[in-house]
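Below is one structure; the comments refer to it alone.
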Amino acid sequence: MFNIDFSTLNWLAIAASVVAGQIISTIWFVAIVGNPWAREYGVSDKKQHAKEIPGYTYAVGLVCTIVLVLSIAILQQVLKVDTLGGAISSGLFVAIGFAASTSLPGNAFLKRWSAFLMMIGSQTAMILGISIILALWK
């Protein structure tokens with residue numbers, strides 16, 4: 001069993017990681033896969049998609065990013081991850097072991113392979129970015 005000591009977490013790195021996670025996600029879904037993602041949603045392009053997204057989804061995304069960052073910070077604290085290699089390894093572990101393995105079944109059931117690949121790409125990039133910031137910010 002491990003103890004979570006919130007007082008020893010690097011709260012500046014956590015805040016920076018939340019911001020970075022939101023930026024990475026935005027860049028991914030707007031600049032990198034914007035139009036293909038919009039087509040998966042059922043509209044012709046990313047501008048139409050942006051008009052149809054309910055505003056609350058941004059708040060949901062932010063809350064989920066905060067939970068993700070805190071979870072990775074605690075995991076890295078317990079595992080004593082403090083190097084670039086450790087950050088990449090732990091980030092890939094979380095991305096593949098948790099994010100991909102829990103989102104793949106639903107996407108497979110719905111036959112949403114393209115959506116899954118775009119989504120897991122975003123999650124992997126975000127998790128790696130967060131992991132690196134948390135591990136290296138001293």
Exercise. Check off (1) exposed (fewer than 15 other Cβ atoms within 10 Å of the Cβ); (2) over 30 Å from I4 (Cβ atoms) for V43 and give me the number that stays unchecked.
Key: (1)
Self-check item: Qualifying residue in the range 68-85 (condition: within 27 Å of I132 (Cβ to Cβ) and in contact with a Lys or Arg (Cβ under 9 Å, 6 or more places away or on another chain))
Solution: yes
Quiz item: When the range 11-21 is examined, which residues are found to be more than 13 Å from the chain's Cα centre (by Cα) and either under 20 Å from A125 (Cα atoms) or surrounded by 16 or more Cβ atoms within 10 Å (Cβ to Cβ) (or both)?
Solution: A13, I14, A15, A16
Quiz item: Looking at the range 70-81, which of the residues that are closer than 21 Å to A15 by Cβ and over 16 Å from the mean Cα position of the chain (by Cα) is surrounded by the fewest Cβ atoms within 10 Å (Cβ to Cβ)?
Solution: V78
Quiz item: Does T8 count as surrounded by fewer than 12 Cβ atoms within 10 Å (Cβ to Cβ), among the β-branched types (V, I, T) and within 18 Å of K138 (Cβ to Cβ)?
Solution: yes
Quiz item: Just to be sure, is S44 closer than 16 Å to T124 by Cβ and among the small types (G, A, S)?
Solution: no
Quiz prompt | Condition met for I120 (assigned to a helix (DSSP H, G or I) and under 18 Å from A20 (Cβ atoms)) | solution = no
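Here's the yes/no breakdown for (1) surrounded by 14 or more Cβ atoms within 10 Å (Cβ to Cβ); (2) without any contact (Cβ under 8 Å) to a residue 60 or more places away in the chain; (3) more than 12 Å from the chain's Cα centre (by Cα):
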| residue | (1), (2), (3) |
| --- | --- |
| F93 | yes, yes, yes |
| T102 | no, yes, yes |
| P105 | no, yes, yes |
| A108 | no, yes, yes |
| F116 | yes, yes, yes |
| M119 | yes, yes, no |
| A125 | yes, no, no |
| I130 | yes, no, no |
| L136 | yes, yes, yes |
Quiz prompt | Test result for L84, closer than 24 Å to N3 by Cα, loosely packed, with under 15 Cβ neighbours inside 10 Å and modelled with pLDDT of 95 or more | solution = no
Quiz prompt | Pick from the range 46-64, criterion under 12 Å from the mean Cα position of the chain (by Cα) and among the aliphatic types (A, V, I, L, M), ranking: surrounded by the most Cβ atoms within 10 Å (Cβ to Cβ) | solution = L62
Quiz item: (1) modelled with pLDDT of 95 or more; (2) within 13 Å of the chain's Cα centre (by Cα); (3) surrounded by 13 or more Cβ atoms within 10 Å (Cβ to Cβ): which one isn't true of V67, the others all being true?
Solution: (3)
Practice problem: Could you tell me whether V81 is at negative phi and in contact with an Asp or Glu (Cβ under 7 Å, 6 or more places away or on another chain)? | Solution: no
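The values are calculated or read from the model by the stated rules, or taken from the named source; none is laboratory data. Predicted model only: the values in this text are computed from it and were never measured. Using ideal geometry, Cβ is built from the backbone for each residue, glycine included, and neighbour counts are taken over all protein chains shown.
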